[in-house]
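Here's the structure we're looking at; comments come further down.
A short reminder: the numbers here are calculations on the coordinates, not readings from a lab. Since this is a predicted model, take the numbers as computed values, not measurements. We place every Cβ from the backbone using ideal geometry, glycine too, and count neighbours over all the protein chains shown.
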Amino acid sequence: LPQEGVALTPRELDVLRLVAQGLGNKEIAAELDLSTHTVKYHLASVLAKLGVRSRTEAVSRGIRTGLLPL
């Protein structure tokens, strides 16, 4: 489990918010004007920092820790 107060970068938060909206990597890349490779990099970092293995778990943990609004 991650420590309380996990700090995501502003870009990682952007990616997590868009994942929570149901967007795929290509859609996130287009929305943020990034390459899909960069989106995958940020997403991997988010998963590691939150101590989860999937996009769904990341969104759930983001909501529970207050990183994402309900």
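Quick look at the values:
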{"item": "Label selected from [x] 54, 28, 23; [y] 51, 27, 17; [z] 31, 22, 20, the criterion being Cα extents along the principal axes in Å as computed here", "result": "[z]"}
{"item": "Mean Cα-pair separation over length for the chain, i.e. relative contact order, pairs under 8 Å, 6 or more apart, %", "result": "37"}
{"item": "Sum of -39500 (n - 2.57) over DSSP H runs of 4+, divided by residues of the chain (222 nm, nearest 500)", "result": "-19000 deg cm²/dmol"}
{"item": "Environment charge at ALA48 (Cβ cut-off 14 Å; Lys +1, Arg +1, Asp -1, Glu -1)", "result": "+3"}
